[in-house]
DNA sequence: CATTTTTCATTTGTCTTACATTTTAATGTC
DNA sequence: GACATTAAAATGTAAGACAAATGAAAAATG
C-alpha cells in the first residue's frame, strides 16, 4: 500500500481546510468577517499570496465572499440554495460524463427521484407550477423544434414537477440529477412519434397533479420512464458507441 | 433593480470560469495537461499569482489536480464519486444549517428520497449490504450508546440502504441528504422506547429487503418516517428553539 | 554494453515587495 | 449644516526571486 491517505497537502489547502472546518462547525458564523489577508498571513505564518489561494478555494465553494474597500474583507457567506444549484449541476454533469455512467443508470436514478416527488407534488402543486408545466408541454408540441430545444424544455418541465413538491431540499438534490441528464438525452434523436408519446405522458402527469391524484401521477411517470428506457434501448441498438 | 447579474468578476474568477467551461464542454479531456502557469499567464495576459488563484479555485472543486516536477503541471481530473461525496455532504450540511430548513422539511426530503431507493434495493440488495444493515441494527440495540453514536449508526444504516439500490448516481445524491440530517437528528434525545421503535422499523426494513418485498419495505419506511416526524413534534413542543 | 549515478531543466510551491483600485470614514471648507 | 477633499484600510494585481520536487538526459562506472 501507499501512504494510505497521508500526503501533506499544500499550505493553501491546509489553511482552507482549517477555515472550512471553522465554518462547518459553527465557530465562524454567517456574515462574520474573517481577519484581513495580512492578519491571516501572520496568524498562519505564511505569505499573503498563500492566504489568498486558500481564500479563493473557499470562494469557489461559495463559503466566503470578499469585498474591497476600507470595511471590506472576507465574510462567511450564507450558502443559499441558489448559490449551490450551479455547482451541484456542474458536478453532477461531470460525474456522469467522466465516469461512463450508462444511460440506464442515470435514467433510473432520475425517475426514482422524481417519483419520490410526485406524491408531494400532487398535494402541493401551485397554479404557477402547473402553468409552467403546461407551457413547456405546449412548446414541446411545436413543429420545427430542434432535439436540443425539446430536451431543454423537457428538463424545464421536470424541474417544475420537482419544484411543485414544495421542498427546497428536494429541489436542490434533484436539480443535479435532472439537469445532468440533458447531455445524455441530447444524444437521442426524437421522431415525431416519440415526441407525441412523451407529450402524452407529460400531459398525463400535469393532469394528475392538477386533480391531486398521486397514484395516477406515479403511473404516468412510470410509463414515461419505461418509454424513455425503450428509446435508449433503440439508440444503443443503432449506435452502440453512444453509451460511452 | 441592480445591475441584475453583471458585476465584473475578478480576473481569477473569469479565468477559472473559462477553464471550467472548457472542461465541462469537453474541450479539455480527462488527464489532459493544461499549459504551465507561466504559459497561462501569458495567454491570459495576467500575472502568475492570478493564474494560480484561478487554478486553486478549480482544484477546490476537484476539477484539476496539480503535480510538481519536470513533467508536472495541472491536469484535468477524472471527477470520481468518491471525490464528490465530501463536497456534497459539506454543501448539504451548510445549506441545512444556514437556511433555517425545518426538521420536517429535511426529514420529508430524506424519506422521500429513500423510499425511491427501496424498490430498487429490494431487487438488488447484496448479502454485504444486508450484513451492514444488520450490524448497525445490532449496534443500535446496545445499551450505553450515546445519542450521537446512535445517530451515527442510524446514518450508516440508511446509507447501506441507499447503496443497496446499486445505483451510484442515487448513492451520490442521497449521501448529502442523509449525512446532512445528522446534525439535526443529534438534537433529539432518544429514550429507550424511542430506540426500540426505531430498531423495530430498521429490522422490518432489513427483513423486507432480504425477502425482496418492495411493498413491505416501503411500508416500513413510511412507518419510520411517521415516527420520526412524531419525535420531532415532541421535540419542538418541549424546545421550540431547536428548529432554528 | 549495461547499469548506476549525477546533473540539469522544467514546473509548481512559496515569499517578498510593490502598486492599483475600491470603499469608507474623517477632515476641512464654504 | 452640507458638500467636497483627503486619508486610511482592504482587496486585486503584478513582478521577481528562490525552494523543492520530479523526471529525463548525460555522464560515470563496472
task: Hey, can you tell me all the residues within the stretch A:71-90 that are more than 15 Å from DNA strand C (Cβ to nearest atom) and more than 10 Å from chain B (Cβ to nearest Cβ)?
output: A:82, A:85, A:86
- prompt: Which of the following residues is within 21 Å of residue B:95 (Cβ to Cβ) and in contact with a strand residue (DSSP E or B) (Cβ under 8 Å, 6 or more places away or on another chain): A:78, A:65?
  reply: A:65
message: Suppose we filter A:64, A:19 for residues that are surrounded by 11 or more Cβ atoms within 10 Å (Cβ to Cβ), within 23 Å of residue B:183 (Cβ to Cβ) and away from DNA strand C (no atom under 16 Å from the Cβ); which single one remains?
response: A:64
Criterion (touching a residue at least 12 places away in the same chain (Cβ under 8 Å), in a helix (DSSP H, G or I) and either touching a helix residue (DSSP H, G or I) at 6+ places or on another chain (Cβ under 9 Å) or under 23 Å from residue A:79 (Cβ atoms) (or both)) met by exactly one of B:95, B:79: B:95
- prompt: For the stretch B:37-49, does any single residue satisfy the condition of being surrounded by fewer than 12 Cβ atoms within 10 Å (Cβ to Cβ) and either assigned by TED's automatic domain parsing to the domain that holds residue B:175 or within 30 Å of residue B:162 (Cβ to Cβ) (or both)?
  reply: no
query: Hey, does the stretch B:198-217 have a residue that's surrounded by 18 or more Cβ atoms within 10 Å (Cβ to Cβ) and out of contact with any helix residue (DSSP H, G or I) (no Cβ under 6 Å at 6 or more places or on another chain)?
result: yes
- prompt: Only one of (1) surrounded by 11 or more Cβ atoms within 10 Å (Cβ to Cβ); (2) in the same structural domain as residue A:175 (by TED's automatic domain parsing) fails for residue A:100. Which number is that?
  reply: (1)
- request: From the list B:64, B:89, pick out the single residue that is modelled with pLDDT of 90 or more and more than 19 Å from the chain's Cα centre (by Cα).
  value: B:64
- prompt: Within the group B:142, B:173, which residue is assigned by TED's automatic domain parsing to the domain that holds residue B:194 and surrounded by fewer than 18 Cβ atoms within 10 Å (Cβ to Cβ)?
  reply: B:142
- prompt: Where in the stretch A:6-70 are the helices (runs of 4 or more DSSP H), entirely inside, with at least 3 residues that are more than 10 Å from chain B (Cβ to nearest Cβ) and in contact (Cβ under 8 Å) with a residue 12 or more places away in the chain?
  reply: A:11-25
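The values are calculated or read from the model by the stated rules, or taken from the named source; none is laboratory data. All figures in this text were calculated on a predicted structure; none of them were measured in a lab. For neighbour counting, all protein chains shown are included, and Cβ atoms are generated from backbone atoms with ideal geometry for every residue, glycine included.
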